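Only the coordinates and a few stated rules stand behind these numbers; no lab work does. Since the structure is predicted, the reported quantities are computational estimates derived from the model, not experimental observations. Glycine also receives a Cβ, built like all others from the backbone with ideal geometry; neighbour counts cover every protein chain displayed.
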Amino acid sequence: MEKPRYRRVVLKISGEALAGNQGFGLQHDMLVSVAEQVAEIRDMGIEVSLVVGGGNLWRGITGSAQGMDRSQADYMGMLATVMNALALQDALEKAGSDTRVLSAIEMRQVAEPYIRRRAIRHLEKGRIVIFAAGTGNPYFSTDTTAALRAAEIEAEVILMAKRVDGVYDSDPLVNPNAQRFESLSYLDVLSRGLGVMDSTATSLCMDNNIPVIVFDLTKPGNIRRVVMGESIGTYVGRDS
C-alpha cells in the first residue's frame, strides 16, 4: 500500500470555505465533508492539526474599515475562529476522531490554552489538534497563525484549503483566461503580490522552509490526494 508523503501537516481552512455556497455562516454539509476527509487522513497515521479562519462570521479588517478600532475588530475576528473551531470539533468527533481545541486566548470552558509542547503531545497521541483564536494578537491573520504553528510543531507542509483549485495570475472568477500556476517560489508570491497568503505568513514560511500547497477543498477526496503527493493545486516552496 502506498504511504502518505507527509507525516505531520497543518491544514489551513478559510472561514469562507466552511460557509459553502451560503456565503456566510456554517454549511452543515461542508462541515461533514471536511470532518470525514480529515478523519480519513488521520486514520492513515498522519498527525493532523487545523487552523481555521473566521471570515464566514466576521473580518477584523472589515470592521476597521467601518471605523472600528482595529485591535478591537481583530479580537472579534479571533472569537469567530473559536466558533468555527468548536463547530469543526463537533463534526470531527461525530466522524469518530479524538480532538482538542487549543486557543491562543484563554477560555478554559471551551478550549485548552495553547501550549506548544501540549499540542505536539496531542498529535503524538493521535488526536486532531485545532488551533483557534489566531496568534492571540491583533494585526496578524490566520495565514500567519498557520505559518507560525507549522514552524512551532515542525510540520512538514501547510495545506491551504480554499474554494479555488490553486493560485492564478488573475482572478479566475473575473478573468476566464486566468492561468493557474503548478508551482511558485516564495519570492514569486511576494514579488507578484499573489493571493496565496499575506506577506508576513509567506516570509515566515520562506524563512523556515515550510512548503505550502493551495488546493480546492470543495472537491471530495482532495485532502487525501494532496497528502498522498498527487499533483493537484499549486505548490509554493523554495525549489519550485
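Taking 0.36 nm per residue of sequence separation and removing the Cα-Cα distance, the Val110/Arg225 pair yields an extension gain of 38.2 nm. Put a plus charge on the Cβ of each Lys and Arg, a minus charge on the Cβ of each Asp and Glu, and nothing anywhere else: the dipole of the chain about its Cα centre is then about 460 debye. Protection proxy ranking, highest mean first, for peptides 113-124, 61-72, 180-191: 180-191, 113-124, 61-72, where packing is the per-residue count of other beta-carbon atoms within 10 Å, averaged. Were the residues from Thr200 through Met44 laid out at 0.36 nm apart, the gain over their Cα-Cα distance would be 52.9 nm. For Lys125, the shell of other residues with beta-carbons less than 14 Å away shows a net charge of +3, using +1 for Lys and Arg and -1 for Asp and Glu. The Cβ shell under 15 Å around Ile158 holds other residues with a net charge of 0, Lys and Arg each +1, Asp and Glu each -1.
Does a label point 7 Å from the Cα of Asp69, set along Cα-to-beta-carbon, have any residues of the range 130-146 with amide nitrogen under 20 Å, and which are they? Residues passing the 20 Å test: 134-141. The calculated 222 nm mean residue ellipticity attributable to helices in the chain amounts to -12000 deg cm²/dmol, summing -39500 (n - 2.57) over DSSP H runs of n ≥ 4 and dividing by all residues. The tail of the calculated P(r) for the range 115-240 beyond 21 Å holds 43 percent of all Cα-Cα pairs.
Most simply put, the range 8-237 has about 15% antiparallel DSSP beta bridges, counting only bridges with both residues inside it. Over the chain, all Cα pairs binned in 10 Å intervals from 0 give whole-percent P(r) values of 8, 33, 40, 17, 2, 0, listed from short to long.
Can you check what the net charge comes to around Ser141, using other residues whose Cβ is under 11 Å from the Cβ of Ser141 (Lys, Arg +1; Asp, Glu -1)? Net of charged neighbours comes to -1.
Sorting 201-210, 20-29 by average packing, meaning the other beta carbons within 10 Å per residue, from highest down gives 201-210, 20-29.
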